[in-house]
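The next block holds one structure in the form of C-alpha cells; read it before the comments.
The values are calculated or read from the model by the stated rules, or taken from the named source; none is laboratory data. If you're wondering where the values come from, they're calculated on a predicted model, not measured in any experiment. Note that we place each Cβ from the backbone using ideal geometry, even for glycine, and neighbour counts take in every protein chain shown. Quick note on the areas: whole protein, heavy atoms, side chains included, nothing else; ligands and nucleic acids left out. Shrake-Rupley method; radii C 1.70, N 1.55, O 1.52, S 1.80 Å.
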Amino acid sequence: MIPSLRKQFNDGFTAEKYRAFLGRVDEACGTHVQFRLSETPCFFPKELIDRMASDGQALIRQLVGNPAYLAKSDLAVPAEFKVPNEPDHPMFVQVDFGLVRDVRGELQPKLVELQAFPSLYAYQGPLAEAYLDVYGLQELAADLGPQTSGVRPRAYRQQRLKYLLSGLETGSYRELLRRAIVGSHDPENVILMEIDPAHQKTLPDFLLTEKMLGVRTVDIVHIKKEGSRLYYERGGRRVPIRRIYNRAIVDELERKNVKLNFDWRDELDVEWAGHPNWYFRISKFSIPYLKHASVPKTWFLDRMEEIPGDLENYALKPLYSFAGLGVVIAPTREDISAISAEKRPFYILQERMHFEPVIETPFGGTKAEVRVMYVWLDELTPVLTIIRMGRGLMMGVDHNRNMEWVGASAGLYLD
C-alpha cells in the first residue's frame, strides 16, 4: 500500500530470500513455526494504522465504560468459569479489521471481531525484525523520496520502517510486557498457562515469552492446588505460582474434556495477567452492542425476527471460538435451522464484508486483515499489529491452502 516500497520488494524478491527468512524466524523462536508465513510483510500508511488503532480504542472504551453493557455481559460469562476478583478493565485486547472500499472508492477499516485475550505479544516483534533484516527493508526505506538537485532531502534519508506503535521501541516494549505479565514478582513464580503447550501452533510465542521475560510455560493439567495456593513441580520441587499469564481457551478445554486440579471459581492466592472473565465480556458477544462507523450490522441469532433472504451477504459465527472454527460464510437456511434453540444465543449473524485486495503480489491482489494489539496497564495502549493475508473466503490458513504470498505477516509503516 506504499506503492514504491511494494514495487521494490516485489521486484527484488527471490525464493532464496524467503527460505532465509523462514530459517531466521525458526532460529529466533527455537522451534519450527508450523503455520504458514507470507513471503512478504505489508507496508501500510501510518495514518491508516493510526486510524485502526484509534477506532479499536474507541470500541474497547465503549464497552468497558458502559455499566449497562457490563451488566448484560454477565450473562456471557459461564457460571462454571467465572473467576473471582475481576479487575475493572482487561489487560490484553485484540481488535481485528478488514479493509473495504466505501461508495466513494476510499478504503475504510471495518471491524471483524475483538477479543480480550492475549495474542502473539512476544513473537510478532521477532517476525517483523526477520522481514526487515533478511530482505534489507531499512535500506529500501532509506532510498525513498524525490531527488532535489541530486541531493536527497534529509527528511527522506531518515525515514525508517517501524512495527511497534505508540512511540514504543524494543526496550520500552519489553518493559511494558514485563510489567503486564510478570508484575512485581520473581519470574520463577509467574507462569504462562496453556493446554498441552508443546503441541500448540503458538508454541513459538510461548518460547519467546520465556526467553524475553524468564517465565515458564506450564501445561494447565500440571498445575496443582493446596489450600488457596497453586504450584507446579519442576526438578523434583514445588514451585509456587503467584501470577498467571493465561493462554488457555475455555472452548478448547471443553472440546478436549480437560480435567483440572483446581476450579476456576475458587478464591485463589494468585494474580491474573489477563483476567479470564474478560475473554467472555469482550468477544463476538460484544459486537451487536457496538455503535461505530467501523462496525458491520450484527445480530444475535436468537433475537432475529426473520432470517434475511440474501444470506449470501452474511456470515454465521459462534461467539466463542478461535481461528475461524465454526464460522460459515454465506450460510443456508438449513445451516441456521441445524442450530438448536439452546445454542442460538451463542451465535451471531453478521453482515458479510468484501475485503479489498490491497496488497499487490505476483499472484494478484491479496486481502489483508489487520489485528491491532493492546496492553492496558496505566492506559489503553496499542502496541503492535498482526497481519493475515489471504485470497480465500476467509483469512485463516485453512481457507488459503495451496497458495503463495498468503499467511501470517507483519505490518510495517514509515516514520
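Overview of results
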{"quantity": "Unmet requirement for Tyr320, which otherwise passes all of (1) crowded, with 16+ Cβ neighbours inside 10 Å; (2) hydroxyl-bearing (Ser, Thr, Tyr); (3) part of a loop (DSSP other than H, G, I, E, B); (4) out of contact with any helix residue (DSSP H, G or I) (no Cβ under 8 Å at 6 or more places or on another chain)", "calculated": "(4)"}
{"quantity": "Residue satisfying all of: in the stretch 1-48; farther than 25 Å from Asn402 by Cβ and in contact with a Phe, Trp or Tyr (Cβ under 6 Å, 6 or more places away or on another chain); surrounded by the most Cβ atoms within 10 Å (Cβ to Cβ) among these", "calculated": "Phe44"}
{"quantity": "Residue, nearest to the chain's Cα centre (by Cα), within the stretch 69-99, restricted to residues that are of a type in the set (S, T, N, Q) and crowded, with 16+ Cβ neighbours inside 10 Å", "calculated": "Gln94"}
{"quantity": "The stretch 6-32 residues that are under 22 Å from Tyr413 (Cβ atoms), paired with ones that are open to solvent by 70 Å² or more (accessible area, probe 1.4 Å) and in a loop (DSSP other than H, G, I, E, B) (beta carbon under 6 Å, 6 or more apart)", "calculated": "none"}
{"quantity": "Number of positions in the stretch 280-289 that are open to solvent by less than 10 Å² (accessible area, probe 1.4 Å), part of a helix (DSSP H, G or I) and not charged (D, E, K, R)", "calculated": "3"}
{"quantity": "Within the stretch 211-232, tally of residues that are of a type in the set (Asp, Glu) and either farther than 30 Å from Gly125 by Cα or not in a strand (DSSP E or B) (or both)", "calculated": "1"}
{"quantity": "Check on Pro296, modelled with pLDDT under 95, within 21 Å of the chain's Cα centre (by Cα) and in a loop (DSSP other than H, G, I, E, B)", "calculated": "yes"}
{"quantity": "Residue list for the stretch 169-221, filter: without any contact (Cβ under 8 Å) to a residue 40 or more places away in the chain and small (Gly, Ala, Ser)", "calculated": "Gly171, Ser172, Ser184, Ala198, Gly214"}
{"quantity": "Unique residue being in contact (Cβ under 8 Å) with a residue 60 or more places away in the chain, open to solvent by 70 Å² or more (accessible area, probe 1.4 Å) and assigned to a strand (DSSP E or B) when the list is Glu360, Glu369", "calculated": "Glu360"}
{"quantity": "Pick from the stretch 386-414, criterion at pLDDT below 80 and not in a loop (DSSP other than H, G, I, E, B), ranking: most open to solvent (accessible area, probe 1.4 Å)", "calculated": "Asp398"}
{"quantity": "Lone qualifier among Arg234, Arg255, Arg265 - being touching a Pro at 6+ places or on another chain (Cβ under 8 Å) and open to solvent by 60 Å² or more (accessible area, probe 1.4 Å)", "calculated": "Arg265"}
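Residue by residue, here is whether (1) closer than 30 Å to Gln57 by Cβ; (2) modelled with pLDDT of 95 or more holds:
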site: Gln147; (1), (2): no, no
site: Gly150; (1), (2): no, no
site: Leu176; (1), (2): yes, yes
site: Gly183; (1), (2): yes, yes
site: Asp186; (1), (2): no, yes
